[in-house]
Amino acid sequence: MSNVPMTLPELMLAEHRTIFYHASTWAQLEDGRLIHIAAERMTVSEDGGITWSDITFPKDTNGDLIGGNGTSLVKLAGKEAIGLIATKESIGVTSKPGTDPWHQDGLLFWRSNDGGKTWQPPTPLTPPNFLKIGCHHHSAIRTSSGRLVLAIQMIFGQGRAANDPPPRMSGKLLNGHWVTTAGHFFGGAMMMCSACYSDDDGHTWQMQSSGELMVSMPIEKAQRWVSYTAEPTVTEVRPDTLLMFMRTGMGRIFQSWSYDNGETWTRPAPTVLAGQTTPASINTLPNGHLLCVWNQESADEVRRGFNRTRLSAAISRDGGRVWEFFQNIASVHETTRVEPGPIEAVHPEEVYLPAGQPALERDGAYIDNVEIHDRWSYPSVMVLKDRVIVAHTEIHCEQSPTHAQITAIHRQAGGYNQKQKVLPLTWFYGGKQPADNPFLKTAYKPAKP
């Protein structure tokens, strides 16, 4: 069985090529309809994601477009009531000269009581410019108690100013031609995760009270070192127990637990899932098992420029301790499971500085010419009763048949930059019917602090 470019592709129910990039979020109404929003676009499905309506651009009752960056839909009380969370400014788009381009209008909350046909004007969820706050797409949930919980990130420090020199860039040779491989290994800002919650269906919100979530671990001859966390995603494992997964640059997905329905959170700790500076999606399936979709990659692959070249899925049947059924949703690699290495930061070796600046020292053992290179990232996952929709970005690098050059295709008009795959639950179990693991007698319950 080949795992390139996908494991068990014959089980896929549908695949859509879209222009939604990494902005997709969904909510399911009580009649089964799916509402999908990405940035300021909306589509609707009446058959579980197999087909979708034409794109519309909904406006609120003031005539303004709804949505923006980090769109996240959440089901509200009522048959057709849904909420939408987003920030309204893009980084640097409307910033005034001389101001920090990371500043934005804060998180906003829109409400629709009729399944997205009409929308109320937004209300502030967080104050403008409050710690430069934002959220990853599809990062809000409604817990079994009815509480809304939103995983958020906060950015500290300066963004890249207009007069800054061009940043370092990494790449590789693809059939002799240079292509970019990453752009997020050299940022200067510090990011930390947190959460906020609402007990009145989104009218008012409170911040969690246990402090910002960052990677903080002891080292010799110093109290401890810290690293960033970013782009969190959250799920309800059982009533009052929530699990948050966070992007880090330390070779692992990190996790934090809440045992009081999102009011306080544990110190982030590493999972056994290998990954480097890319976001994940954590979800709970109808049978209570956990599903993680993420860029699984080893330190060796990252150093060779193969970051974001494998999008994986794995199942935990014991609440997050043991992970099984590793599979490739999209990949240039045959392997489906990567054993995590040391908790440390790595970056591609083939790095370049602007012309005129000294070249960096590089390890030639990790620099080579390759024949295939594609990138997939930013998964967004919608769990339904009998299937799962996985949306992810796709940047396809190819050698043009009519030109001796490599084109990194990040299409907007007339093409696509995202795929949405509709997969039956059996796909995530390697084609088998979902069932509990007989060797895991009880679901894992991590010790409370």
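So, Ser256, is that one part of a strand (DSSP E or B) and within 13 Å of the chain's Cα centre (by Cα) or not?
So Ser256 fails the test.
Out of segment 276-319, which residues are closer than 23 Å to Glu344 by Cβ, part of a loop (DSSP other than H, G, I, E, B) and either modelled with pLDDT of 95 or more or not small (Gly, Ala, Ser) (or both)?
Passing the criteria: Gln276, Thr277, Thr278, Pro279, Gln296, Glu297, Ser298, Arg304, Phe306, Asn307, Arg308, Thr309.
Lys59 versus (1) under 19 Å from Tyr197 (Cβ atoms); (2) at pLDDT 95 or above; (3) not hydroxyl-bearing (Ser, Thr, Tyr): which is the lone unmet condition?
With respect to (1) under 19 Å from Tyr197 (Cβ atoms); (2) at pLDDT 95 or above; (3) not hydroxyl-bearing (Ser, Thr, Tyr), Lys59 is out only on (1).
So, of the residues in segment 173-187 that are exposed (fewer than 15 other Cβ atoms within 10 Å of the Cβ) and farther than 20 Å from Glu394 by Cα, which turns out to be modelled with the lowest pLDDT?
Phe186
If I filter segment 348-360 down to residues being in a loop (DSSP other than H, G, I, E, B) and at pLDDT below 90, which single residue comes out as surrounded by the most Cβ atoms within 10 Å (Cβ to Cβ)?
Only one residue fits best here, namely Leu353.
Is one or more of the residues making up segment 99-110 within 28 Å of Asn283 (Cα to Cα) and modelled with pLDDT of 95 or more?
Among the residues of segment 99-110, at least one is within 28 Å of Asn283 (Cα to Cα) and modelled with pLDDT of 95 or more, which makes the answer yes.
Which residue is farthest from Met214 (Cα to Cα), if the candidates are limited to segment 258-273 and must be surrounded by 23 or more Cβ atoms within 10 Å (Cβ to Cβ) and in contact with a Ser or Thr (Cβ under 7 Å, 6 or more places away or on another chain)?
Per the stated criteria, the residue is Ser258.
Could you list, in sequence order, the residues of segment 137-159 that are modelled with pLDDT of 90 or more and in a loop (DSSP other than H, G, I, E, B)?
Those that are modelled with pLDDT of 90 or more and in a loop (DSSP other than H, G, I, E, B): His137, His138, Ser139, Thr143, Ser144, Ser145, Gly146, Arg147.
Given the condition of a type outside the set (Val, Ile, Thr), touching a residue at least 24 places away in the same chain (Cβ under 8 Å) and either crowded, with 22+ Cβ neighbours inside 10 Å or under 23 Å from Phe20 (Cβ atoms) (or both), answer yes or no: does some residue in segment 331-340 qualify?
Checked segment 331-340: at least one residue is of a type outside the set (Val, Ile, Thr), touching a residue at least 24 places away in the same chain (Cβ under 8 Å) and either crowded, with 22+ Cβ neighbours inside 10 Å or under 23 Å from Phe20 (Cβ atoms) (or both).
Check Ser216, Ser170, Ser227, Ser194 and return the single one that is modelled with pLDDT of 95 or more and either surrounded by fewer than 16 Cβ atoms within 10 Å (Cβ to Cβ) or out of contact with any helix residue (DSSP H, G or I) (no Cβ under 9 Å at 6 or more places or on another chain) (or both).
Ser194
Give just the number: which of (1) in contact with a Cys (Cβ under 9 Å, 6 or more places away or on another chain); (2) part of a strand (DSSP E or B) does Trp265 not satisfy?
Of the numbered conditions (1) in contact with a Cys (Cβ under 9 Å, 6 or more places away or on another chain); (2) part of a strand (DSSP E or B), the odd one out for Trp265 is (2).
Can you tell me which of Ala77, Ala27 is farther than 17 Å from Val381 by Cα and either among the small types (Gly, Ala, Ser) or part of a strand (DSSP E or B) (or both)?
Answer to the selection: Ala77.
The values are calculated or read from the model by the stated rules, or taken from the named source; none is laboratory data. Please read all numbers here as calculations on a predicted model, not as lab measurements. Neighbour counts are summed over all protein chains in view; Cβ atoms, including those assigned to glycine, are modelled from backbone coordinates with ideal geometry.
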